[in-house]
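See below for the structure under consideration.
The values are calculated or read from the model by the stated rules, or taken from the named source; none is laboratory data. Fair warning: this is a prediction, and the values are worked out from it, not measured in the lab. Note: ideal-geometry Cβ built from the backbone for every residue, glycine included; neighbour counts use all protein chains shown. Ligands, DNA and RNA are stripped out before the accessible areas are found, and what is left, the full protein with its side chains, is counted by its heavy atoms. Shrake-Rupley method; radii C 1.70, N 1.55, O 1.52, S 1.80 Å.
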Amino acid sequence: EAGVVQSPRYKIIEKKQPVAFWCNPISGHNTLYWYLQNLGQGPELLIRYENEEAVDDSQLPKDRFSAERLKGVDSTLKIQPAELGDSAVYLCASSLGGSQETQYFGPGTRLLVL
Amino acid sequence: GQSLEQPSEVTAVEGAIVQINCTYQTSGFYGLSWYQQHDGGAPTFLSYNALDGLEETGRFSSFLSRSDSYGYLLLQELQMKDSASYFCAVKKTGGYNKLIFGAGTRLAVHP
């Protein structure tokens, strides 16, 4: 069974440019998460989807970040415009759903903003 | 507020046993998870404790004391491939499977 797939794996952009990350969760997983991981830190939740509904986006900086999961399967996270401080790893995770389910992470997209 | 404390680095030799501690302060505690992450890799689930006591999975065990707001991950018969970062993460109630991660412990295993 394929795990969580993310692309691209690496992205280098100049500040003020837009960037988008794509995630395909494990088949059958209803819940999808986007996390931000800074160097030497643990992942921090940005947004959580239950199917196509964003049920927790309290940590998403909505002035520049947006996300969508239109058909309740794959998802896109966008930053526009990117700032130097956005350099980090963006992790996607998925779980079956329900309060007990294990979250399975993808390898992440490593973003460098110059 | 909420916080998790774990050592930033631990060093051990192959074949040894190492314990990584995690103390937490949070409202709405539901359980404690542990994840492993190799450099450049995805965080990988290791274990989860919702009740007090020890959970054993092969060479890895995890312990939780809810009254002490404390848990640990025990790694036995260390191998070089265990060199990685280990994160404890609090699962909160009300947040419906929301995880709050600690900053991680970097484990270096030497021959």
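If a/c stays under 1.5 just call it rounded; otherwise compare a/b with b/c (prolate if a/b is bigger, oblate if not). Do that for the stretch B:25-95, with a ≥ b ≥ c from the square roots of the Cα gyration tensor eigenvalues.
oblate
What is the stretch A:9-74's relative contact order, in percent, from Cα pairs under 8 angstrom and six or more apart in sequence?
Value for the stretch A:9-74: 26 percent.
Taking 45 Å as R0, compute the FRET efficiency from the Cβ-Cβ separation of A:ARG64 and B:GLN76 and round it to 0.05.
0.50
I need the GluC sites (Glu not before Pro) found in the stretch A:1-97, filtered to DSSP loop residues with at most 11 other beta carbons within 10 Å of theirs.
Here the sparse-neighbourhood loop sites are A:GLU1, A:GLU14.
Give me the distance between the Cα centres of the stretch B:66-111 and the stretch B:39-56, rounded to whole Å.
About 6 Å separates the Cα centre of the stretch B:66-111 from the one of the stretch B:39-56.
Relative contact order, percent, of chain B when contacts are C-alpha pairs under 8 Å separated by at least 6 residues?
Result for chain B is 36 percent.
At 1.4 Å probe size, put A:THR76, B:THR23, A:THR31, B:THR57 in order of accessible surface, largest to smallest.
B:THR57, B:THR23, A:THR76, A:THR31
For the stretch A:13-65, what does the accessible surface come to per residue with a 1.4 Å probe? Please give it in Å².
Here the per-residue accessible area is 50 Å².
How large is ³J(HN,Hα) for each residue in the stretch A:49-66, as worked out from phi by the Karplus curve 6.51 cos²θ - 1.76 cosθ + 1.60 (θ = phi - 60°), to whole Hz, x for Gly and Pro?
10, 10, 6, 9, 9, 7, 9, 8, 10, 5, 9, 8, x, 6, 5, 10, 9, 8
Please compute how much accessible surface disappears when A pairs with B, both sides summed, using a 1.4 Å probe, and round it to the nearest 100 Å².
The buried area between A and B, both sides summed, comes to about 1700 Å².
Take every Cα pair under 8 Å in chain A that's 6+ residues apart, average their separations, divide by the length, and report that relative contact order as a whole percent.
Relative contact order for chain A comes out at 37 percent.
Would you mind telling me the antiparallel percentage of the DSSP bridges in chain B, rounded to 5?
Counting only bridges with both partners in chain B, antiparallel ones make up about 90 percent.
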